Structure formats: structure tokens, C-alpha cells
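Below you'll find the structure, written out as C-alpha cells, and then a few comments.
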Amino acid sequence: MSDLRTLFTGFQGDLVLEGPGLEEDDGLETAVAISLFTDRRVRDGEQLPRTSLPGDVALDRRGWWGDSFPPVEGHLTGSRLWTLAREKQSEAVAERARDVALEALRWLVDDGIARTINVTAEIVKPGVLGLLVEVVRASKPVALYRFDSFWRAS
């Protein structure tokens, strides 16, 4: 099975051209990217992120409307990484990003696609938080994906 390869730069994704057509991947890379970089709805009762104004809080909980009727109870699309975009760069925020990424990718283990998922989050340089995702599968090689073009300071 394959998917059209989606390349995420900044906070947006785009399909990748290969010659006169579109490049494909084995489906896992696209699944990981969509799981991490589409906006999961913030749960009721959870604090929403700040906006650009001091003390101001966003009102939009974001998310995909289809998650109102998930095919598997509890399976939601995307991640809440977007809620960290305005946070200060710190080891605590990197740790939260790791936890949020693991939450978003948990379905790969639940559905039997992966035996385990490992995520490392680190401050690559000032203004850039990187994620290294390791997908350990039973009968296939370990898949590694690095994302480090997110949370760039503007």
C-alpha cells in the first residue's frame, strides 16, 4: 500500500512532485506526518493556548469535524502540537511536545502497525524545536523520521 508523499514545511503540507507525477511513499511517512501536523481538537476543560496578546487566550479549539464520529472510539485525527507554537523554548516545552507527539502516534501501536513508538524532542537551535520519530515494526525495518522545521521563531 502506498500514499502520496506529503512534505510538511513550516505548518503546512504539500504533495511532492516526482517527474511529471506525484511521489509516493509506503504510507507510513504520510500517516506519521498527518498524525503530528494536523490540528487535534483541544478537549473540553483543557487550557487553550495564548494568542499574540499578553494574557489573551484563543477561543478556537480547532480539530477535524470528522472526529465527532470516529470509526474507532477514542481515535482522533492529528495532534495538539499546535497548542505549543507560542510557548517559550524550554526543556519543559520540548518534553510536552514529546508527550503530545506520542499521544498522536499511539494509534499506530493500537492498530498493530507498530510494536512501539519512540519520540525525542529537542531544541535544535534557538527558535527551532525538532522531533525525531522512531517507528518500531515487527517484520519491517525501523522507520526514522526527523521533523525540525517547526516552531521557528518569527
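Could you please rank 129, 108, placing first whichever residue has the fewest other Cβ atoms within 10 Å of its Cβ?
Working: 129 25, 108 21.
Ordered from fewest to most neighbouring Cβ atoms within 10 Å, 129, 108 come out as 108, 129.
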How large is ³J(HN,Hα), in whole Hz, for each residue of region 81-88 in order, when computed from phi with the Karplus curve 6.51 cos²θ - 1.76 cosθ + 1.60 and θ = phi - 60°, using x for Gly and Pro? 4, 4, 6, 9, 4, 9, 6, 6
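Please arrange 68, 35, 139 by counting, for each residue, the other beta carbons lying within 10 Å of its beta carbon, fewest first. List each step's numbers first, then the result.
Working: 68 8, 35 22, 139 5.
Ordered by Cβ neighbours within 10 Å, fewest first: 139, 68, 35.
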With label points built 7 Å along Cα→Cβ from the Cα atoms of residue 67 and residue 47, find their separation and express it in nm. 1.9
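Kindly put 29, 73 in sequence by how many other C-beta atoms sit within 10 Å of each C-beta, fewest to most. Write out the running numbers ahead of the final one.
Numbers: 29 18, 73 5.
Sorted ascending by nearby Cβ count, the order is 73, 29.
Read-outs: derived from the displayed coordinates by stated rules, not from any lab. In this text the structure is predicted, and so the values were computed from the model without any measurement. Neighbour counts run over all protein chains shown; Cβ positions are idealised from the backbone, glycine included.
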